[in-house]
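This report refers to the structure that appears directly beneath it.
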Amino acid sequence: MKCYNIAFFASHNGSNMQSIIEQIKAGILCSKAALIISNNSNSGAAEKAGRYGIPFYHISSKTHLDENERTAFISELYDEFDISLTVLAGYMKKFPPELIRKANGMVLNIHPALLPKFGGEGMFGMNVHKAVIQSGEQFSGATVHLVDSEYDRGRILLQESLEVSPDDTPESLARRVLEIEHRIYPALIKMLELESIKIPMPVSTV
Ligand code: GRF
């Protein structure tokens, strides 16, 4: 069994992060929620960090003007908290290649659609669900994938699908997909802990 020190990155509500933290608290996952980073000091993620007593850092252009400074600061935090797994959960900023290298490629993201469809720049939040409904897709779902230098293009690790109903609105679809997300993100971390899935070191992240 491999237990990780997790750094979460979340910009908004942080419900995916919470689903993982809850499984850690319940002893289902042996990893530790070591650190939460958000570019938004008023986010639900910030509130949850306080509620769970997890070290929280607001890092944005307001706290560090220069991107290199932000990256260097995060890199120091990785050393301080001995981070071994990075979990992006609704993080609206690009994750820099320097940090992917620092994290040895162990950087996960969750996307609210069946990648490689409906991913890429601009495909976030309700945009994704609107696009799925507009295109008349029969299925949608959620994807956990590795993060590389392009949005939503890294190796797919786990997916679960659902059938899009003719009655679905973007909002109802978002709700149903989020339920899947809350199931498969912790499930994938469990698979990593059990070493039933292995992530190779990245050949190139730039
Ligand atoms: C989720 O739908 C996730 O797939 C996407 O952003 C949303 C974040 O939701 N990347 P939450 O902040 O975890 O509630």
- Query: List pairs: first in the stretch 27-45 and surrounded by fewer than 19 Cβ atoms within 10 Å (Cβ to Cβ), second at pLDDT 95 or above and in a helix (DSSP H, G or I), Cβ under 6 Å, 6+ apart or cross-chain?
  - Reply: CYS30/GLU193
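Could you list all residues from the stretch 118-129 that are crowded, with 16+ Cβ neighbours inside 10 Å and either charged (D, E, K, R) or within 23 Å of LEU85 (Cβ to Cβ) (or both)?
Going residue by residue through the stretch 118-129, those that are crowded, with 16+ Cβ neighbours inside 10 Å are 118-119, 123-124, 128-129.
Within the stretch 118-129, GLY119, PHE124 qualify.
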- Message: List the helices (runs of 4 or more DSSP H) inside the stretch 7-97, counting only whole elements, that have at least 3 residues being closer than 24 Å to GLU121 by Cβ.
- Response: 15-25, 67-80
- Task: Give me a count of the residues in the stretch 100-136 that are of a type in the set (S, T, N, Q) and under 20 Å from ILE197 (Cα atoms).
- Result: 2
- Tell me which of these GLY53 doesn't satisfy, since it passes every other one: (1) within 25 Å of PRO170 (Cβ to Cβ); (2) exposed (fewer than 14 other Cβ atoms within 10 Å of the Cβ). (1)
- Note on the structure: Residue pairs qualifying under the 7 Å Cβ cut-off, at least six apart or on distinct chains, with the first in the stretch 95-111 being within 14 Å of PHE9 (Cβ to Cβ) and of a type outside the set (S, T, N, Q) and the second being assigned to a strand (DSSP E or B) and away from the ligand (no atom under 16 Å from the Cβ), are MET106/LEU85
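Here is a list: SER31, SER43, SER19. Which entry is within 10 Å of the ligand (Cβ to nearest atom) and over 12 Å from the mean Cα position of the chain (by Cα)?
The match here is SER43.
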- Note on the structure: With criteria (1) in a loop (DSSP other than H, G, I, E, B); (2) touching a strand residue (DSSP E or B) at 6+ places or on another chain (Cβ under 7 Å); (3) under 26 Å from ALA33 (Cβ atoms), LEU114 comes up short on (3)
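The values are calculated or read from the model by the stated rules, or taken from the named source; none is laboratory data. It should be emphasised that the depicted structure is a prediction, and the values quoted were computed from it without experimental measurement. Here the Cβ is made from the backbone with ideal geometry for all residues, glycine too, and neighbour counts use every protein chain on show.
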